[in-house]
Amino acid sequence: MEVIKIVFFVLGVFFGEDSRIGAEKTTVTVNSKEKEVIIVQEGLFALIKNEQDSVQVNSELEKIIARNWRKEIKSYPSKSCTFHTTEEGNLNAKIILKYPSENVLRDFALDFNKEAKEFSLINIPDWNVETEDGALKGNYWRFSADDSFTFIVTPFKNMPDRFKSVKRSLLPIWESEKMN
């Protein structure tokens, strides 16, 4: 398994190296026949302890608004990122990526076994992975490459108290950044 370079539940890493922007819940759907990944991030938030963190979040948002994709994703044949707000006052994101080959999904912790015709996702207990389309075998979730599959991750469900106090909804920050 490759070193995980990009994780599905941190928005900023699609547009830069490090990120202070996460999602409460992320739903990932992989359609291997269409070579498409759909990532829906719900309840976007930022961790802001001080002015430097605030500056970093604003810098990340500038890259996101400009759609400055990180180098690993720039070569994808098609990519989009849209945002919408919920009635509850949350900001959500939907990222759709058409990937060039199964091998590039290693950046997302998804490995492809051509002989077994299956994808595998490392099982990190803190990610709280839920799926009806895969089976947990050893340390990996296994998914058939013949069908689309979906999994949900909620890695911030058990966030330590020291982070809860600096967690801020991204919606007001997003709205003020979009106005500039």
Counting just the residues of the stretch 146-167 that are crowded, with 18+ Cβ neighbours inside 10 Å and within 20 Å of Lys33 (Cβ to Cβ), which one comes out nearest to the chain's Cα centre (by Cα)?
Phe151
From the option list Ile48, Ile38, Ile64, single residue qualifying as modelled with pLDDT of 95 or more, open to solvent by less than 50 Å² (accessible area, probe 1.4 Å) and hydrophobic (A, V, I, L, M, F, W, C) is Ile38
Which of the residues that make up the stretch 113-127 are open to solvent by less than 50 Å² (accessible area, probe 1.4 Å) and not in a loop (DSSP other than H, G, I, E, B)?
Glu118, Phe119, Ser120, Leu121, Ile122, Trp127
May I ask you to verify whether Lys71 is surrounded by fewer than 18 Cβ atoms within 10 Å (Cβ to Cβ), under 28 Å from Phe45 (Cβ atoms) and not small (Gly, Ala, Ser)?
yes
Applying the selection to the stretch 68-99, what residues are basic (Lys, Arg) and either more than 22 Å from Ser169 (Cβ to Cβ) or in contact with a Lys or Arg (Cβ under 8 Å, 6 or more places away or on another chain) (or both)?
Arg70, Lys71, Lys74, Lys79, Lys98
Checking Glu177 against (1) out of contact with any strand residue (DSSP E or B) (no Cβ under 7 Å at 6 or more places or on another chain); (2) open to solvent by 70 Å² or more (accessible area, probe 1.4 Å), which single condition isn't satisfied?
(2)
Count of the stretch 22-35 residues which are more than 22 Å from Glu87 (Cα to Cα) and either open to solvent by less than 30 Å² (accessible area, probe 1.4 Å) or free of Cβ contacts under 8 Å to residues at least 40 places away in the same chain (or both)
3
Is one or more of the residues making up the stretch 97-106 in a loop (DSSP other than H, G, I, E, B), open to solvent by 80 Å² or more (accessible area, probe 1.4 Å) and in contact with a Ser or Thr (Cβ under 8 Å, 6 or more places away or on another chain)?
no
Mind checking whether some residue in the stretch 128-136 is farther than 16 Å from Thr150 by Cβ, in contact (Cβ under 8 Å) with a residue 12 or more places away in the chain and open to solvent by 50 Å² or more (accessible area, probe 1.4 Å)?
no
Members of the stretch 32-66 found to be over 27 Å from Asp126 (Cβ atoms), of a type outside the set (Gly, Ala, Ser) and out of contact with any strand residue (DSSP E or B) (no Cβ under 7 Å at 6 or more places or on another chain), listed by number:
Lys33, Glu34, Glu51, Val55, Asn58, Glu62, Ile65
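The values are calculated or read from the model by the stated rules, or taken from the named source; none is laboratory data. Here the structure is a predicted model, which is why all the values come from computation and not from measurement. Glycine also receives a Cβ, built like all others from the backbone with ideal geometry; neighbour counts cover every protein chain displayed. Only protein heavy atoms, including side chains, enter the accessible area calculation; ligands, DNA and RNA are left aside. Shrake-Rupley method; radii C 1.70, N 1.55, O 1.52, S 1.80 Å.
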